[in-house]
Amino acid sequence: MLHLLTCLLLTAPTDSTIIPIDTLRKRDLGEVVVTASRVPENIRKAPVSVELLDAQQIRLSAQPSYFDALENLKGVQLLTSSLGFKVFNTRGFANPTNVRFVQLVDGIDSQAPHIGAPVAVALAPSDLDIERVELVPGAASVLYGLNALNGLAQIITKDPFAATGLSVSQKTGVNHVNNPLTRTKGFSETSLRYARTVGTRLAFKLNLTYQRGYDWIARDASDLSPSVNATLGLLAPNNPGSDLVNNYGDEPANRRTLTLNGQRYLISRTGYFENDVADLGLSNLRGDAGVFWRIRPTVTLAYRYKAATLSTLYQRTNRFRFDDYRLNQNVLSLESPSVQVRVYRTSENTGEAYNIRSMAENIERSYKPDNQWFSEFSGQFLGSIRAGQSVQQALQTARGVADAGRPQPGTDAFATQVARLRDTNNWDVGAALRVRSWLYHAEGQIDLTRVSWADFRQRTGLSVQVGFDYRRYVVHPDGNYFINPDGSGRDLVYDKAGGFVQASRAFLGDRFKLTGALRADKNRYFDLRFNPRVAATFALAEEHTVRASFQTGYRFPSLFEGFSNVNSGGVKRVGGLPIMSQGIFENAWLRSSIDAFQVAINTDVNVNKLTTTQAVTKNKSLLRRNPYTYLKPEQVSSVELGYKGLFAQKKLYLDIDAYHNVYRNFIAQVEAYVPKVGATALNNLDSVAFALNDRSRQDRYRLWTNSKTRVFNYGGSIGVRYTLTKGWVVSGNASLAKLSRTDRGDGLEEAFNTPRWITNLGLANPTLWGRLGASVSYRYQSAFLWQSALATATVPAIHTFDGQLSYVLPKLNASVKLGGTNLLNRYYTTFSAGPSVGGFYYLTLVL
């Protein structure tokens, strides 16, 4: 402690290479970043790739906010779950809840505890308070620990001592233009920032943002099971066992095999589309307040409080509606150029959120239980066949009779069921998501050689930093999403501790810099883990630098992956820690083999005219025991090369990087069923086979586990910016990401879910005509295969144009911006089962 205080109180800004954040100014390759190495450094000396989005780029961007503008950075993939929930990823293996990508605000993790990832901008500042954003693509676990496997974005806000006064922004827009599913909808976002100093040592800052709109609509009617009745000649769109992408209640768990007239038919319930079940209204109220005390000119003690209440749509394995979802965060920090200490607590309450799939399933069951519905379907089908109807006509008639009394969207009966189910916290009979969770975090970092070891640094040339962190997750068992397996009802606790040491030294007159770092982490459920990083930068000339690095990264399982216990549509999703899934892994059989087994039975009964008993006996050898087991951390090893340079009298900027990754122990889910047979019969294949052919004689699970596959991927990107005459700037970037190969592919490895090519082109001029500025940009994303538990399909290529005009009113200290994204209003999706995104047109006034 004495050492810590000494570093704080004696620190003075004597080292010219360390520049305070609030004095940073963009100057060619002289930009200073803090995220790459957790210390301020010239961007050309950063040991890994760093992308910058500064205030000028945000102003010139055609996107309505800095958060949206991040997709213009090279290598960034944007996933849109809804208008109010967007997720970023870099370098492959994306999903709508990206637990492999970390989002920090002034060094504070903004993730929601039970989700394990940030809820978009819920705990992020508004545009008015943004200084810049630094994005590190690829692994950053060595310095940032938990989850920074695919990348990290650091949002840096304005210093209240340097940026004072009142700022107000009003953004008004429209979306759903020419959308056949709904009329044009309005959008509004009002933001306020106020900062003030009291003397030279005390300051406070307040931010408030209120956002309202209407969400994008997900209504893909493609059939995910088009061939389940192929042996009967019943293909989409005449498939009675269809599973439509954004229709819920018709999934395989809501499907039965009915033997009708000697044939085996797979029949699903009818279900409801997402926009029939879910409220698509968007509402987001968020804000933060902070008090800052400068103990010394370079030492600041601060307390900040952040809170958000939002209503929007969110996607994990299923789609969810968040209503009155609440997050808040308390942060205490002490910062100087040599010491940073942060302690914070994040609280999450899912409010009145609900599972859209469970809502649709249980609306169906509320008027007619499954047994009754399928019985009526069977009886009517056989009666219609006897009356002379064709099979297709009989199937339609049977569905109409079984659906009699079905609540219709827009009616009072339908609304009554929605209100009841959204408050029932059991997904077998309801849809509510009722989770309360907390995150407690403490971290510190000391630049040992800045003050107390200054002589050592002068003698050796070494710069040394050390850091530590401790994190604890706490979740209250709700009896549906999480349970305490000991039955006590006590809160579940999940924690880890870790630390790092980093050393760097310059050689050859500061032209060559070598950096090494080592991190150690311990989680109570896993052994101590070490992660190294070695990096080098070399200045070929004053404005030309190359870099190379090798590092490893890791990710401990999230709360949900470790502890979940969810009943969902007849399938229980169970966490992969031994305390949650003991006895399940050992006795389960792979669903993939069970599906193949049942398809073979249907073929033999429908085509080869075997009896069911004969077909089961013939095909039992297709069944496979579950080979997977309890969770382990996943990890990556990464090699990266890069170059930054200036040409043509510093008018042309070039940034190139290339990488190769090897992933091990991907955390994924496996579906496996446990037959309901006696303990002595679990190893008797005959008993098991007949149980796995009868849905009522099996328990169905989706288990969190690890893939046995090693996965290799590589990629690279190039960014170019050229400054023309009269203020014109042309820029562009292109990124390649490719899944190289897998060894021992078991089908369980995380889906790559990444386009091979992403390209951005832009043309901008802040002074096109006096105080009138303008920009236009084009984005291309190649088609790619999206794979998930919810839906698997090819995502079509995306071509979008964005543009904006801005005008500065100096006498009013104001600006006006008229812009639009997807100007041509060509609807696209960023992933399968996601919403269709159309044009968004807006006008922003900033005072």
Report task. Quick one: compute the contact order of segment 611-770, relative version, from alpha carbon pairs under 8 angstrom and 6+ residues apart, as a percent. Result -> 22 percent
Report task. Sketch the reach of a paramagnetic label on residue 206 as a point 7 Å from Cα along Cα-to-Cβ, and name the residues of segment 155-174 whose backbone nitrogen lies under 17 Å away. Result -> 160-161, 164-169
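Give the dimensionless ratio obtained when the Cα radius of gyration of segment 297-363 is divided by 2.2 N^0.38 Å. Can you show the working numbers first?
Numbers: Rg = 18.5 Å, N = 67, 2.2 N^0.38 = 10.9 Å.
The reported ratio for this selection is 1.70.
Treating the beta-carbon of each Lys and Arg as +1 and of each Asp and Glu as -1, no other charges, what is the dipole magnitude of segment 207-304 about its Cα centre, to the nearest 20 debye? Please list the in-between numbers first.
On the way: 10 positive and 10 negative charges, 118 e Å.
My answer is approximately 560 debye.
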Requested in this report: Please name whichever of 768, 681, 711 sits farthest to the positive end of the charge dipole of segment 660-790, dipole taken about the Cα centre and charges placed at Cβ: Lys and Arg +1, Asp and Glu -1.
Outcome: 768
Report task. For segment 582-663, give the percent of accessible area contributed by carbon and sulfur heavy atoms, probe 1.4 Å, rounded to a whole number. Result -> 60 percent
Query raised in the report: Suppose R0 equals 60 Å; then what is the FRET efficiency for residue 497 and residue 543 from their Cβ-Cβ distance, rounded to the nearest 0.05?
Result: 0.90
Report summary line: Hydrodynamic calc, segment 720-847: Kirkwood Rh from Cα pairs, then Stokes-Einstein at 20 °C with viscosity 1.002 mPa s, so D in µm² s⁻¹ is 123 µm²/s
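Could you sort 257, 312 by accessible area so the largest value comes first, with the probe set to 1.4 Å?
Values: 257 65, 312 0 Å².
The residues order as 257, 312, largest area first.
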Report summary line: For the chain, averaging the sequence separation of alpha carbon pairs under 8 Å that lie six or more residues apart and dividing by its residue count, the contact order in percent is 12 percent
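Could you calculate the contour length gain from residue 303 to residue 345, that is, 0.36 nm times the residue separation minus the distance between their Cα atoms, to one decimal place in nm?
The residue 303-residue 345 span can extend by a further 13.9 nm.
What does the helix-only formula give at 222 nm for the chain: each DSSP H stretch with n ≥ 4 adding -39500 (n - 2.57), the total divided by the residues, and the result rounded to the nearest 500 deg cm²/dmol?
-4000 deg cm²/dmol
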Query - the chain, Cα convex hull volume normalised per residue, Å³ - result: 166 Å³
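If you put +1 on each Lys and Arg Cβ and -1 on each Asp and Glu Cβ, how big is the dipole of segment 626-718 around its Cα centre, in Debye rounded to 20? All intermediate terms of the calculation are to be shown ahead of the outcome.
On the way: 12 positive and 8 negative charges, 34 e Å.
That gives a dipole near 160 debye.
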Query raised in the report: Share of segment 247-354's accessible area from carbon and sulfur, percent, 1.4 Å?
Result: 54 percent
Report summary line: A student asked for the Cα radius of gyration and Dmax of segment 487-555 in angstrom ought to give 19.0, 66
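Dipole of the chain, Cα-centred, from +1 at each Lys and Arg C-beta and -1 at each Asp and Glu C-beta, to the nearest 20 debye? Intermediate values should be presented prior to the final figure.
Values: 95 positive and 70 negative charges, 199 e Å.
Dipole of the chain, to the nearest 20 debye: 960 debye.
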Query - GluC sites (Glu not before Pro) within segment 514-589, DSSP loop, no more than 14 other Cβ atoms inside 10 Å - result: 542
Requested in this report: Report, in whole Å, the centroid distance computed from the Cα atoms of segment 437-484 and segment 178-196.
Outcome: 38 Å
Query - Packing-based order for 451-458, 627-634, using average beta carbon neighbours within 10 Å, highest first - result: 627-634, 451-458
**Report entry** Positive-end residue of 233, 318, 271, charge dipole of segment 220-321 with Cβ unit charges
**Finding:** 318
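Compute the Kirkwood hydrodynamic radius of segment 383-449, taking the inverse of the mean of 1/r over all pairs of distinct Cα atoms, and give it in Å to one decimal.
On the way: mean 1/r = 0.0575 Å⁻¹.
Result for segment 383-449 stands at 17.4 Å.
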Report summary line: Around residue 474 (Cβ within 15 Å, Cβ-to-Cβ, excluding residue 474; K/R +1, D/E -1) the net charge comes to +3
Report summary line: Whole-percent carbon and sulfur contribution to the accessible surface of segment 384-530 (1.4 Å, no ligands, DNA or RNA) stands at 56 percent
Query raised in the report: Alpha carbon centre of segment 356-407 versus segment 105-125: separation in Å?
Result: 45 Å
Query raised in the report: So what is the relative contact order of segment 235-311, in percent, for Cα pairs below 8 Å that sit 6 or more residues apart?
Result: 22 percent
Report task. Starting from 0 in steps of 5 Å, tell me what percent of the Cα-Cα pairs of segment 24-108 lands in each bin. Result -> 3, 12, 20, 23, 23, 12, 6, 1
Report summary line: Projected onto the charge dipole of segment 425-528 (unit charges on the beta-carbon of Lys, Arg, Asp and Glu, signs +1, +1, -1, -1), the Cα from 432, 504, 488 with the largest positive-side position is that of 504
Query raised in the report: Order of 380-387, 733-740, 661-668, 681-688 by packing, highest average Cβ count within 10 Å first?
Result: 661-668, 733-740, 380-387, 681-688
Query raised in the report: Which value, in Å², gives the accessible area per residue of the chain when a 1.4 Å probe is used on the protein heavy atoms?
Result: 38 Å²
Query raised in the report: For segment 746-814, which trypsin sites (Lys or Arg not before Pro) are in a loop by DSSP, counting at most 15 other Cβ atoms within 10 Å?
Result: 756, 771
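The values are calculated or read from the model by the stated rules, or taken from the named source; none is laboratory data. Predicted model only: the values in this text are computed from it and were never measured. When we count neighbours, we look across all protein chains shown, and the Cβ atoms used for this are built from the backbone with ideal geometry, even at glycine. When the accessible area is computed, the model is the full protein with side chains, heavy atoms only, and any ligands, DNA or RNA have been set aside. Shrake-Rupley method; radii C 1.70, N 1.55, O 1.52, S 1.80 Å.
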